1. Going by what's in this entry, would HIS34 be described as under 24 Å from LEU121 (Cα atoms), modelled with pLDDT under 95 and in contact with a helix residue (DSSP H, G or I) (Cβ under 6 Å, 6 or more places away or on another chain)?
2. In region 38-60, which residues are loosely packed, with under 13 Cβ neighbours inside 10 Å and of a type in the set (S, T, N, Q)?
3. Keeping to region 238-266, report how many residues are closer than 23 Å to ILE14 by Cβ and either loosely packed, with under 14 Cβ neighbours inside 10 Å or among the charged types (D, E, K, R) (or both).
4. May I ask you to list the residues in region 79-114 that are open to solvent by 50 Å² or more (accessible area, probe 1.4 Å) and under 19 Å from SER255 (Cβ atoms)?
Amino acid sequence: MKWITLHHARLDHIASSWLILRFIDPSAEISFVHSDDINKAITEKGIVTFDVGGSEYTLHHNPEECLFDLFIRKHGLADPPLAEVAHIVRSAVTGRFHLAPQAAGLAAVAAGMFHANNDQLFLQQFIPVLDALYSWASRLGKPLHDDSDAKLLELFHRFITQKYADRARKPLWVKEIAAIVQDGVDTKLNLGLADLAERLHANPGTLVPHPDQLRFGEEMRRQRIEKALQLMEEEQYSLAEIAYLTGFSDQGHFSRIFGKHYGKTPTGHLKTIRAQKGREEDDEEEYEDD
């Protein structure tokens, strides 16, 4: 069967292609089609599309999931080693590197291969990487990741940013946590609850007095977006490069989170930056003429 998605494939699309070939349709022919040609391509018989408008394999705006998860769920793939691979892929695609120590490495490898600018080559190079990851997961005996730690890490934001009375001062340890989070964003630190507790010389349990009020993951995403804004102002990098530099291994995920925070796309924001700079240059020229 022929499977089609859009060209300029990202980690999520390449990983999903591997999943199709290894677990869903071993004889699959996977093509990456330009957006101008997609409508013509999907009219052919025996075509299955993914992450294309109208496809049953389309993820609907869930920042904590990826296309890889959708394939696993739809095909009922209940394989423990594959679940471990899915956890790592999901962490890499959504930019939540603190959830899996392998995620940052997987994203970095994908970023390097992406710049080859050839989707088929990207897929062929990445298949052995995921084969090796699956082989490693098959020999673990039991999953490495612990969902309880992941959930706790996602809870910090509202606690860190909680509002105090006008005259009240935030405790010093709250400021320390904020500084550590920023350090994690700047250095791509794989930040976990145990690491955070160790750096604060605290018991992990004491860091989460009100778990239902905390959203640490949202704070990490917000700070990554702030860093992306700084890079966009410099106009030295493409949006794909900015996505990877700020921890969003998938440009589509970066665009969704950016839109959620600012109500417009990264492309739209770049246009605003350039228009603003153009106005400033015009004003300077007018001033000089005077």
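The values are calculated or read from the model by the stated rules, or taken from the named source; none is laboratory data. Please read all numbers here as calculations on a predicted model, not as lab measurements. All Cβ positions, glycine included, derive from the backbone under ideal geometry; neighbour counts span all protein chains shown. Accessible surface areas use protein heavy atoms only, side chains included; no ligands, DNA or RNA. Shrake-Rupley method; radii C 1.70, N 1.55, O 1.52, S 1.80 Å.
1. For HIS34, the condition - under 24 Å from LEU121 (Cα atoms), modelled with pLDDT under 95 and in contact with a helix residue (DSSP H, G or I) (Cβ under 6 Å, 6 or more places away or on another chain) - is not met.
2. Across region 38-60, the qualifying residues are ASN39, THR43.
3. The total comes to 4.
4. ARG90
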